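Worksheet for the structure shown next.
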Amino acid sequence: MINIDQVRRIAYMEYVKVQYAKTHLSALLASVEAGQEIVISRGERPVARLVPVEEAGARDLGFVAYRVPDGFFDPLPEEELTAWDGGE
């Protein structure tokens, strides 16, 4: 069984088998929330790693300095609408 108090004091990577991970998922997630990394192995081969999710920082919207032109939402001219309708 995982002792959460020990996990908080010692940051290390623990290896567990798939069956153990399936039956102790809640305890493993609590350990991950406390900062521990857990590797899940199938037999002797590591196949997955549980790690804490990093909090996303604030982001600026957009990535290019761009300003929408003043007439952007004006109605399109009739010939433009006709072209978009397939020229009918």
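Among Tyr15, Tyr20, Tyr66, the order by Cβ neighbours within 10 angstrom, fewest to most, reads Tyr66, Tyr15, Tyr20.
Rounded to the nearest 0.05, what FRET efficiency do Met13 and Val53 give with R0 = 25 Å and r taken as the Cβ-Cβ distance? Could you check?
The value I calculate is 0.90.
Amide H contacts under 5 Å for Glu37: Tyr12, Glu14, restricted to partners 5 or more places along the chain or on a different chain, H placed in the peptide plane at 1.01 Å from N.
Values in this text are rule-based calculations from the coordinates and carry no lab data. All figures in this text were calculated on a predicted structure; none of them were measured in a lab. Here Cβ is always computed from backbone atoms with ideal geometry, including for glycine, and neighbour counts include all displayed protein chains.
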